[in-house]
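The values are calculated or read from the model by the stated rules, or taken from the named source; none is laboratory data. No experiment lies behind these values; they were computed from the predicted model shown. Cβ atoms come from the backbone with ideal geometry, glycine included; neighbour counts cover every protein chain shown.
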Amino acid sequence: MGHTGTLDPFATGVLPCCINEATKISRFFLEGNKKYIARLCLGIETDTQDFTGEVISTSKDLNFSEEDIVAVFKKYEGSIDQVPPAYSALKHKGIPLYKYARQGKPILKPPRKIDIHYIKPININLPEVLFEVSCSAGTYIRTLCADIGKSLGCGGHLSQLRRIESCGLNINQALSIDILEEIISKEGNISKHLLNMSDALKHIPGYIADDILIEKLSHGKLITERDINLVQTNKTDSFIKIVNNNNDLLAILNKIGNKFIYCCVINNN
């Protein structure tokens, strides 16, 4: 069993977990888009960019209109450069950055391109702004909060974070640890509550295999365009999930030229 991306210790929300054969598809959740509900506290800047850090500056100048705040948030939509925080799990020479930072030797990585699909305040009650954001993998919401605070000229930090969606899997589909424990005590296992692998990968176009293709996949044989009718698939997407008539995931292939490279093959026996 393995999880598909960490959350900060104080954060809550969706964390897809892969069990048994599903661990083979974990990479496709690591790279997917995320949605969050976050709380920005303006007027206080911390060294970790969240409420767990040491305060490094404060400002009482918070005389912002709702229009001012919405306008600044809007500037962060689209493809932007973001500098990863010094307190992060990113590594430098094999050592997490937060270890350097805790030793008083912070290391800043170069800016990275991220995509903010949308970001919108949903409740403004200064000094706090509750907002929702949809973004690409690798986006640091606490850095986003710190940057917005700088743009407003007062500083800011992340005071609350909840991930409400990961790779199309939303909070309404998730089960808490307490509920899982209750299910196990009553039913003995959680098999009825697991998500089908093909359904979990709804962001990848699917192809229903015939018996000939299933046989080829089971033996790892070369797959070409003659084996797969691309009318069923999205030609602009390089990944294709192969399923049977019961929507069981059989394999994920990557189209390169007129051939398909195996990403993984699932054992459904």
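Answer yes if at least one residue in segment 56-64 is among the acidic types (Asp, Glu) and modelled with pLDDT of 95 or more, and no otherwise. Within segment 56-64, none of the residues are among the acidic types (Asp, Glu) and modelled with pLDDT of 95 or more. For Lys216, the requirement of being modelled with pLDDT of 90 or more, surrounded by 13 or more Cβ atoms within 10 Å (Cβ to Cβ), more than 17 Å from Cys18 (Cβ to Cβ) and over 28 Å from the mean Cα position of the chain (by Cα) is met. In the set (1) within 19 Å of Glu132 (Cβ to Cβ); (2) among the β-branched types (Val, Ile, Thr); (3) in contact with a Cys (Cβ under 9 Å, 6 or more places away or on another chain), Thr12 fails one condition alone, (3).
Return the residues of segment 153-180 that are among the acidic types (Asp, Glu) and surrounded by 12 or more Cβ atoms within 10 Å (Cβ to Cβ); say none if nothing qualifies. Passing the criteria: only Glu165.
Among the conditions (1) at pLDDT 95 or above; (2) over 15 Å from the mean Cα position of the chain (by Cα), Ala38 misses just one, which is (2).
Exactly one residue out of Phe29, Phe64, Phe10 is in contact with a Pro (Cβ under 6 Å, 6 or more places away or on another chain) and either under 20 Å from Leu169 (Cα atoms) or not in a helix (DSSP H, G or I) (or both), and it is Phe29.
Within segment 1-56, track down each residue that is over 30 Å from Ile204 (Cα atoms), hydroxyl-bearing (Ser, Thr, Tyr) and touching a residue at least 60 places away in the same chain (Cβ under 8 Å). Listed by number, the residues that qualify are Thr46, Thr48. From the list Gly156, Gly138, pick out the single residue that is out of contact with any Phe, Trp or Tyr (no Cβ under 9 Å at 6 or more places or on another chain), at pLDDT below 95 and of a type in the set (Gly, Ala, Ser). Unique residue meeting the criteria: Gly138. Does at least one position in segment 50-64 carry a residue that is more than 17 Å from Lys150 (Cβ to Cβ), small (Gly, Ala, Ser) and surrounded by fewer than 18 Cβ atoms within 10 Å (Cβ to Cβ)? No, because not a single residue in segment 50-64 is more than 17 Å from Lys150 (Cβ to Cβ), small (Gly, Ala, Ser) and surrounded by fewer than 18 Cβ atoms within 10 Å (Cβ to Cβ). Among the conditions (1) assigned by TED's automatic domain parsing to the domain that holds Asn244; (2) part of a helix (DSSP H, G or I), the only one that His203 does not satisfy is (2). Between Ile190, Ile204, Ile256, the distinction of being β-branched (Val, Ile, Thr), under 22 Å from Thr4 (Cα atoms), surrounded by fewer than 18 Cβ atoms within 10 Å (Cβ to Cβ) and modelled with pLDDT under 90 belongs to Ile190 only. For the residues Leu180, Leu144, the requirement of being outside the structural domain of Lys113 (by TED's automatic domain parsing), hydrophobic (A, V, I, L, M, F, W, C) and part of a helix (DSSP H, G or I) singles out Leu180. The residues of segment 88-130 that are surrounded by 15 or more Cβ atoms within 10 Å (Cβ to Cβ), in contact with a helix residue (DSSP H, G or I) (Cβ under 7 Å, 6 or more places away or on another chain) and assigned to a strand (DSSP E or B), listed by number, are Ile119, Pro121, Ile124, Val129.
Evaluating Tyr100 against the criteria (1) in contact with a Lys or Arg (Cβ under 9 Å, 6 or more places away or on another chain); (2) of a type in the set (Phe, Trp, Tyr); (3) more than 20 Å from Gly149 (Cβ to Cβ) leaves one unmet condition, (1).
For segment 13-20, check the following and say yes or no: at least one residue is part of a loop (DSSP other than H, G, I, E, B), surrounded by fewer than 19 Cβ atoms within 10 Å (Cβ to Cβ) and of a type in the set (A, V, I, L, M, F, W, C). Yes, segment 13-20 contains at least one residue that is part of a loop (DSSP other than H, G, I, E, B), surrounded by fewer than 19 Cβ atoms within 10 Å (Cβ to Cβ) and of a type in the set (A, V, I, L, M, F, W, C).
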